[in-house]
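K.L.:
Pasting a structure here, questions to come.
The values are calculated or read from the model by the stated rules, or taken from the named source; none is laboratory data. Bear in mind the structure is a predicted one, so any value in this text is a computation, not a measurement. Note: ideal-geometry Cβ built from the backbone for every residue, glycine included; neighbour counts use all protein chains shown.
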Amino acid sequence: MSPLSASPGWKDEVALLALMRRWFFARKPDAGFVLTDFPATLLQAKVFDEWLETRGEALSAVLAGPGAPEALVEHYGTLGLLPEAAVPAQS
């Protein structure tokens, strides 16, 4: 059993990734985009990073709102994609 299939909602996660993958690879490479609530997990972020790398694309910035998962903030912060003003205050 994979770690993904052991987590609750894994079928939803797989379905969302499949939907987003279809959208991502169907769009024109030079078309900009804004995503809301995706990626929502560290797994989604890492998969999205792979898609970007496959197409030779890169993100210019990531904005993390209040309540953003700490793992995502850390991931994108490590990549230098979170502008200082976009990092949510930790309570």
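K.L.:
Which count do you get for residues in region 35-62 that are out of contact with any His (no Cβ under 9 Å at 6 or more places or on another chain) and part of a helix (DSSP H, G or I)?
P.N.:
Qualifying residue count for the region: 9.
K.L.:
Report yes if ALA18 is at pLDDT 95 or above, under 10 Å from the mean Cα position of the chain (by Cα), assigned to a helix (DSSP H, G or I) and small (Gly, Ala, Ser), otherwise no.
P.N.:
So ALA18 does not fit the description; no.
K.L.:
Sort out which residues of region 34-74 are farther than 26 Å from TRP10 by Cβ and not charged (D, E, K, R), and write them in order of number.
P.N.:
Within region 34-74, VAL34, GLY56, ALA58, SER60, ALA61, LEU63, PRO66 meet the criteria.
K.L.:
Cβ contacts < 7 Å: first residue more than 15 Å from THR78 (Cβ to Cβ) and touching a residue at least 12 places away in the same chain (Cβ under 8 Å), restricted to region 55-67; second residue outside any loop (DSSP other than H, G, I, E, B) and not polar (S, T, N, Q), any location; separation 6+ or different chain. Result?
P.N.:
Once the first residue is more than 15 Å from THR78 (Cβ to Cβ) and touching a residue at least 12 places away in the same chain (Cβ under 8 Å) and sits in region 55-67, its partners that are outside any loop (DSSP other than H, G, I, E, B) and not polar (S, T, N, Q) give LEU63/ALA86.
K.L.:
Please pick out the residue among GLY67, GLY77, GLY56 that is over 12 Å from the mean Cα position of the chain (by Cα), over 17 Å from LEU19 (Cβ atoms) and surrounded by 11 or more Cβ atoms within 10 Å (Cβ to Cβ).
P.N.:
GLY77 is the lone residue from the list that is over 12 Å from the mean Cα position of the chain (by Cα), over 17 Å from LEU19 (Cβ atoms) and surrounded by 11 or more Cβ atoms within 10 Å (Cβ to Cβ).
To keep it simple, each residue is scored yes or no on (1) at pLDDT 90 or above; (2) outside any helix (DSSP H, G or I); (3) touching a strand residue (DSSP E or B) at 6+ places or on another chain (Cβ under 9 Å).
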site: VAL14; (1), (2), (3): yes, no, no
site: PHE33; (1), (2), (3): yes, yes, no
site: LEU72; (1), (2), (3): yes, no, no
site: HIS75; (1), (2), (3): yes, no, no
site: GLN90; (1), (2), (3): no, yes, no
